[in-house]
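Comments concern the structure below.
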Amino acid sequence: MMSEVAEKPANSSQTATEAETLESCEQLDLEEEEICFQDIDMLIDQGVSINDIKCLKDIGINTIKGLQMTVRKILRSLKGFDEAKIDKIMEACCKVSVNSGFVTALEVMDQRKEIFKLQTGSSNLDNLLGGGIESMAITEVFGEFGTGKTQLSHTLCVTAQIPDSNGYLGAHKHSRPHRLKPIAERFNLDPTSVLENVLYARAYTSEHQYQLLGNIGAKLHEEPGIFKLLIVDSVMALFRVDFSGRAELAERQQKLGRTMSKLQKLSEEFGVAVLVTNQITSDLGEAEAAKPVGGNVLAHSSTTRVALKKGKGNRRVASVYDSPDLEESEASFAITKGGIDDPEH
Ligand SMILES: Nc1ncnc2c1ncn2[C@@H]1O[C@H](COP(=O)(O)OP(=O)(O)O)[C@@H](O)[C@H]1O
Ligand SMILES: [Mg+2]
């Protein structure tokens, strides 16, 4: 997809030098891509065996960064991975890695320039979020049934594909793809290709959900720079079914932490935006404001938390619940046939 964009100017009227310049630009783009997605196969040159690399790939570690993000405990559980082998692999990883650990604040600023924001369909909501749903971060949207969490997910699957927003593909996990058609039409995109560009998987248990995230990692690695968005619609739903009561709470939170950490890593490793939707506690009295479920684990892993409330008719109100750099304010939006939109005045 990306190369299609780059190929366009290569028409017959070009001079040889123009073509050469273009070629070297493309070369640079490719090199840049390689730096962002350093393949784990690079370790072969450092003396790591093909077999060991295969073991790493089997558990979803495909990039140098992915390996650096993996704790030793996980590596120890692999067949034949003793401390000496792990030391050797981690050393090799350090040698080839473009990421030396420390960077200057200026470099951090530069890296942040690559961050993009996906439009929500409502300019009010985009403004509230400082421009839209941010990449390399987790945005959590929570609210009671019917507040528009899934409609927002659908809309983002389409807006991620608006060429100007740099967005092409989205991957998400929820039903009713037919909703994408009218939304695509609203944004003047071809509904069939929009649907083709969205990957969907249904998780049946919280363990399965975690496994699917591993599969997504492999997919993101296979097609670097193509996917822009990962949505988990109702991240807590399966955890609430699989673990019940106080006795299982600690285990639930531990497994939830593992899932959220995986999402965080995917967002950083592949530069995608992550949106999770969440439910609210139902057992509170009227006086108390509705709170998202998932406790501290979810609170600490979401970068931006947005509360949704019902308004009159198709109107909804969003407010920032907990954010390091956004003001706590409100925005109203509407749910329409064409997805999330600004309300009519
Ligand atoms: N095609 C549509 N046109 C207009 N409104 C719709 C359409 N589809 C769903 N809605 C509205 O979206 C709301 C449900 O939003 P949804 O995102 O499914 O809620 P949540 O996921 O938060 O439970 C309902 O109020 C419904 O009327
Ligand atoms: Mg929903």
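Please get the size of the charge dipole for the stretch 239-345, origin at its Cα centre, with Cβ charges of +1 on Lys and Arg and -1 on Asp and Glu, quoted in debye to the nearest 20. List each step's numbers first, then the result.
Working: 15 positive and 16 negative charges, 90 e Å.
The dipole magnitude comes to about 440 debye.
The relative contact order of the stretch 114-341, computed from alpha carbon pairs under 8 Å that lie at least 6 residues apart in sequence, is 30 percent. The local environment of Gly148, defined by Cβ-Cβ distances under 11 Å, has a net charge of +3 under the rule Lys, Arg +1 and Asp, Glu -1. In this entry, the stretch 114-341 is assigned a mean projected area of 12.0 nm², taken as a quarter of its C-alpha convex hull surface.
Computed FRET efficiency, Cβ-Cβ of Gln211 and Leu78, R0 22 Å: what is it to the nearest 0.05? Here the calculated transfer efficiency is 0.85. By the count of other C-beta atoms within 10 Å, a proxy for reagent exposure, Val241, Val158 are ordered fewest to most as Val241, Val158. Per-residue Karplus couplings for the stretch 266-278, computed as 6.51 cos²θ - 1.76 cosθ + 1.60 with θ equal to phi - 60°, are listed in order as 4, 5, 7, 5, 10, x, 9, 7, 10, 10, 10, 9, 8 Hz, Gly and Pro entered as x. Electrostatic tally near Tyr321: other residues with Cβ closer than 10 Å to its Cβ, Lys and Arg +1, Asp and Glu -1, net -1. In the stretch 114-341, taking the dipole from charged Cβ atoms about the Cα centre, the farthest positive-side position among Leu118, Ala290, Leu263 is held by Ala290. Between Leu230 and Ala171, Ala273, Val274, Leu275, the built amide H atoms are under 5 Å apart, and every one of these is 5 or more places off in sequence or on another chain. Residues whose amide H falls under 5 Å from that of Tyr321, counting only those 5 or more places apart or on a different chain, are Arg305, Val306, Ala307, with hydrogens built in the peptide plane. Compute the Cα gyration tensor for the stretch 296-345, then decide on rounded, prolate or oblate, letting a ≥ b ≥ c be the square roots of its eigenvalues: rounded whenever a/c is under 1.5, prolate when a/b is larger than b/c in the other cases, and oblate in all that remain. Since a/c reaches 1.5 and a/b is larger than b/c, the shape of the stretch 296-345 is classed as prolate.
Would you tally the net charge around Arg305, using a Cβ to Cβ cut-off of less than 10 Å, leaving Arg305 out, and scoring K and R as +1, D and E as -1?
Working: positive: none; negative: Glu140, Asp322.
Result for the neighbourhood of Arg305: -2.
When Tyr200, Tyr321 are arranged by Cβ crowding within 10 Å, least crowded first, meaning fewest neighbours, the order is Tyr200, Tyr321.
Which order do His221, His300 fall in if you start with the one that has the fewest other Cβ atoms within 10 Å?
Working: His221 19, His300 11.
With the fewest neighbours first, His221, His300 line up as His300, His221.
Across the stretch 331-340, coupling constants 3J(HN,Hα) worked out from phi with the 6.51/-1.76/1.60 Karplus curve, θ = phi - 60°, read 9, 9, 9, 10, 9, 10, 4, x, x, 5 Hz, and Gly and Pro carry x.
Rounded to whole numbers, the Karplus 3J(HN,Hα) couplings from phi for the stretch 234-248 are 6, 5, 8, 3, 5, 4, 6, 7, 6, 10, 10, x, 4, 4, 9 Hz, using 6.51 cos²θ - 1.76 cosθ + 1.60 with θ = phi - 60°, and x at Gly and Pro. With a Förster radius of 35 Å applied to the beta-carbon distance between Ser261 and Ser49, the computed FRET efficiency rounds to 0.80.
Every read-out reported here was derived from the displayed coordinates using simple, explicitly stated rules and does not represent laboratory data. Because the structure is a prediction, the values reported are computed rather than measured. In this analysis, Cβ positions are derived from the backbone assuming ideal geometry, glycine residues included, and neighbour counts consider all displayed protein chains.
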